[in-house]
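What follows is a short report on a single structure.
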Amino acid sequence: MPFIPILEHRLEYAWFGELSARAPVVMLHEGLGSVALWREFPGRLAAVTGRRVLAYSRYGYGKSDPLREKREPTFMHTEALEVLPRLIEALDIERPVLFGHSDGGSISLIHAGAGRWSVTGVVVLAPHVFVEECCTAAIRQSKITYDTTDLRTRLARYHDDPDSAFRGWNDIWLDPRFTAWNIEEFLPSISCPVLAIQGEGDEYGTMEQIDRIERQCPDASLLKLEHCGHSPHRDQPDAVLRAAKEFMAGLPA
């Protein structure tokens, strides 16, 4: 798998699908995700949409460089406003469709709402726009799970340094400074269409997350899925692919 240096960190990335005149999709993974953890989904997304799809692992995840310092509460802003623009430019991507899950969804919304770069559309799965107690409670429980079960071993299948991936995510979300984190200021400035998808059984957030997106984004549509938790692309992949195909078919490029 190829790597690219961005802000002094080596990031892994992978392309899926054939070259196309349509705007490519850039996938942004969840807080414990990586290229590998998307599994077969990027290839299926490329096939149904007819677009080339890029997936990459952020600093601290997958085969990218492991995290060497503690994250700050602004870490998603850094990813959205400093890392992602450089990655897009370095790979000669124009007007991408951003496809983000969880933390990756939040990063997508910040980037699109900054108003500094051209974005064709945004699809977010289980995004965070503010911090809810149910989310921090679930993350608190995940720390116990990591320390007492084989979760570390399972994460090692997808991350060269599972401790870097887990602690980097878990520690900042449980940092008292993070309780005030909120990205709603970016929502009204998102000029492209947005599709927000969430499972009704999402343990990391209530429907208020995507309801606020619908209320504040100029052009947003929602899909709420039954029998679905925090990972709609794994729990209801066919429903997500159908919705993504329809949404992207209506985009201008």
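The values are calculated or read from the model by the stated rules, or taken from the named source; none is laboratory data. In this text, all values refer to a predicted model and were calculated from it rather than measured experimentally. Because the Cβ atoms are built from the backbone with ideal geometry, glycine has one as well, and the counts that use them run over all protein chains shown.
Here are some notes:
- Residues of the range 108-136 satisfying the condition of being under 12 Å from the mean Cα position of the chain (by Cα) and closer than 14 Å to residue 196 by Cβ: 108, 109, 122, 123, 124, 125, 126, 127, 128
- Scanning the range 205-217 for residues that are part of a loop (DSSP other than H, G, I, E, B) and crowded, with 19+ Cβ neighbours inside 10 Å yields 205, 217.
- Output for the range 37-60, where each listed residue is closer than 20 Å to residue 160 by Cα and out of contact with any strand residue (DSSP E or B) (no Cβ under 9 Å at 6 or more places or on another chain): 37, 39, 40
- Hey, residue 35 of a type outside the set (D, E, K, R) and over 18 Å from residue 9 (Cα atoms) or not: no
- Of the residues screened, residue 41 is one that is closer than 20 Å to residue 230 by Cα and either hydroxyl-bearing (Ser, Thr, Tyr) or surrounded by 20 or more Cβ atoms within 10 Å (Cβ to Cβ) (or both).
- Test: residue in the range 189-204 that is part of a strand (DSSP E or B), more than 30 Å from residue 22 (Cβ to Cβ) and touching a residue at least 24 places away in the same chain (Cβ under 8 Å): no
- Among the candidates 225, 187, residue that is of a type outside the set (S, T, N, Q) and over 29 Å from residue 117 (Cα atoms): 225
- Selected residue (only one of 45, 37, 109 is within 22 Å of residue 189 (Cβ to Cβ) and modelled with pLDDT of 95 or more): 109
- Residue that is farthest from the chain's Cα centre (by Cα), among those in the range 223-234 that are more than 13 Å from residue 196 (Cβ to Cβ) and crowded, with 18+ Cβ neighbours inside 10 Å: 228
The rows are residues; the columns are (1) crowded, with 21+ Cβ neighbours inside 10 Å; (2) more than 19 Å from residue 71 (Cα to Cα); (3) at pLDDT below 95; (4) of a type in the set (Gly, Ala, Ser).
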site: 95; (1), (2), (3), (4): no, yes, no, no
site: 98; (1), (2), (3), (4): yes, yes, no, no
site: 160; (1), (2), (3), (4): no, no, no, no
site: 175; (1), (2), (3), (4): no, no, no, no
site: 189; (1), (2), (3), (4): no, yes, no, yes
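- Evaluation of residue 145 against (1) under 25 Å from residue 56 (Cα atoms); (2) in a helix (DSSP H, G or I) (one fails), failing number: (1)
- Single condition residue 60 does not satisfy, out of (1) surrounded by fewer than 22 Cβ atoms within 10 Å (Cβ to Cβ); (2) touching a helix residue (DSSP H, G or I) at 6+ places or on another chain (Cβ under 9 Å): (1)
- Taken together, the criteria place residue 220 among residues that are crowded, with 17+ Cβ neighbours inside 10 Å, touching an Asp or Glu at 6+ places or on another chain (Cβ under 9 Å), more than 24 Å from residue 47 (Cα to Cα) and modelled with pLDDT of 95 or more.
- Any hit, the range 156-165, residues being touching a residue at least 24 places away in the same chain (Cβ under 8 Å), in a helix (DSSP H, G or I), touching a His at 6+ places or on another chain (Cβ under 7 Å) and small (Gly, Ala, Ser): yes
- Lone qualifier among 119, 124 - being in contact (Cβ under 8 Å) with a residue 40 or more places away in the chain, surrounded by 23 or more Cβ atoms within 10 Å (Cβ to Cβ), among the β-branched types (Val, Ile, Thr) and assigned to a loop (DSSP other than H, G, I, E, B): 119
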